[in-house]
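Beneath this line is the structure, given in structure tokens, with notes to follow.
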Amino acid sequence: MNTASPPGLRLFDLSGRTALVTGSSQGIGFALAAALGSAGARLILNGRDTAKLERARAALEARGYDVRSAAFDVTDPDAVDAAVAAIESDIGPIDILVNNAGIQQRAPFAEFPTEAWRRLSATNIDSVFFVGRAVAQRMMARGRGRIINVCSVQSELARPNIAPYTATKGAVKMLTKGMATDLGRHGIQVNGLAPGYFKTELTQALVADEAFSAWLANRTPAGRWGDVEELGGAAIFLASDAASFVNGHILYIDGGITASL
């Protein structure tokens, strides 16, 4: 960002800061990483599919961003600890963490498979705890840091056939508040970014479902699906000095769906 920008805009400048974004090879994670890169942050993308991760890294590098990749399993605490240590040693301190990795599986509650429940819990909750813990330990020593946990409208609202997903996102919301309570005195702000219904690779089947899209348009005050680029401003805000006294907040970017019956 131009250092000659007005003082108000400089509050949002992330130049000189390093951001790790989990689950960022596509979809919302990729969009959040791109937004932080546009504000000047050095990016570290994460995922388990190394080929997909490399394509994402190359795409953001082509935009002129400083971007690296770190392939590791966010559900494995030993792998997380080793990866975070390597990043801090080889690249530099992690100033911003975005816990975005997550999955969805739909089935009626009474028929939901046990293994699917465990997989959802591991990816959606355990990863936030494992990566958040590893990064927070180092942020505490430095006395500063920003952590953004990706929640959901399902942190507040339920829909048929996604009870376990709703449970995991409700847990992420409360983990965010607990992390903020413990870490705030160490100069670390922990907040949640909660998307509504956005068009991504993972929601393409729902986007193509005319009945569902019609329901969503009627249910959402904005009257449409969100575009992932519309999440970027909120991510920059929560990662920046503009949010220096914002802690434990869940910011819903949902076209008004949580505000309306």
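Rundown of residues vs (1) outside any helix (DSSP H, G or I); (2) under 18 Å from ALA33 (Cβ atoms); (3) of a type in the set (Phe, Trp, Tyr), yes/no style:
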site	(1), (2), (3)
LEU202	no, yes, no
ALA217	no, no, no
PRO221	yes, no, no
GLY233	no, yes, no
ILE236	no, yes, no
ALA242	no, no, no
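Is it the case that LEU9 is surrounded by fewer than 15 Cβ atoms within 10 Å (Cβ to Cβ) and farther than 15 Å from VAL135 by Cα? So LEU9 passes the test.
Set side by side, the residues GLY64, GLY29, GLY16, GLY40 differ, and just one is more than 19 Å from THR200 (Cα to Cα) and open to solvent by less than 60 Å² (accessible area, probe 1.4 Å), which is GLY40.
Among residues of segment 233-261 that are farther than 30 Å from ASN218 by Cβ, those with a Cβ under 7 angstrom from a residue that is among the aromatic types (Phe, Trp, Tyr) and open to solvent by 20 Å² or more (accessible area, probe 1.4 Å), sequence gap 6+ or separate chain, pair up as ILE236/PHE12; SER240/PHE12; ALA242/PHE12; ALA243/PHE237.
Screening ILE188 on (1) more than 17 Å from GLN105 (Cα to Cα); (2) among the β-branched types (Val, Ile, Thr); (3) more than 19 Å from the chain's Cα centre (by Cα) shows it passes everything except condition (3).
Sub-6 Å Cβ pairs linking a first residue in segment 73-91 that is more than 12 Å from ALA136 (Cα to Cα) and without any contact (Cβ under 8 Å) to a residue 24 or more places away in the chain to a second residue that is outside any helix (DSSP H, G or I) and open to solvent by 40 Å² or more (accessible area, probe 1.4 Å), at least 6 apart or interchain, are ALA79/ASP73, ordered by first then second residue. Being under 19 Å from GLU230 (Cα atoms) and modelled with pLDDT of 95 or more is a property that does not hold for VAL67. When we screen PHE130, PHE109 for residues that are at pLDDT 95 or above, open to solvent by less than 40 Å² (accessible area, probe 1.4 Å) and not small (Gly, Ala, Ser), the only hit is PHE130. Regarding segment 160-167, can at least one residue be identified that is within 14 Å of the chain's Cα centre (by Cα) and outside any loop (DSSP other than H, G, I, E, B)? There is no residue in segment 160-167 that is within 14 Å of the chain's Cα centre (by Cα) and outside any loop (DSSP other than H, G, I, E, B). If the condition is being of a type outside the set (A, V, I, L, M) and open to solvent by 40 Å² or more (accessible area, probe 1.4 Å), then segment 44-56 contributes ARG48, ASP49, THR50, LYS52, GLU54, ARG55. Put simply, of LEU202, LEU231 the only residue that is surrounded by 15 or more Cβ atoms within 10 Å (Cβ to Cβ), among the aliphatic types (A, V, I, L, M) and over 25 Å from ARG142 (Cβ atoms) is LEU231.
The values are calculated or read from the model by the stated rules, or taken from the named source; none is laboratory data. Computed from a predicted model, the values in this text were never measured in an experiment. Counting neighbours? That spans all protein chains shown, and the Cβs are built from the backbone with ideal geometry, glycine included. Calculation scope for accessible area: heavy atoms of the full protein, side chains included, ligands and nucleic acids excluded. Shrake-Rupley method; radii C 1.70, N 1.55, O 1.52, S 1.80 Å.
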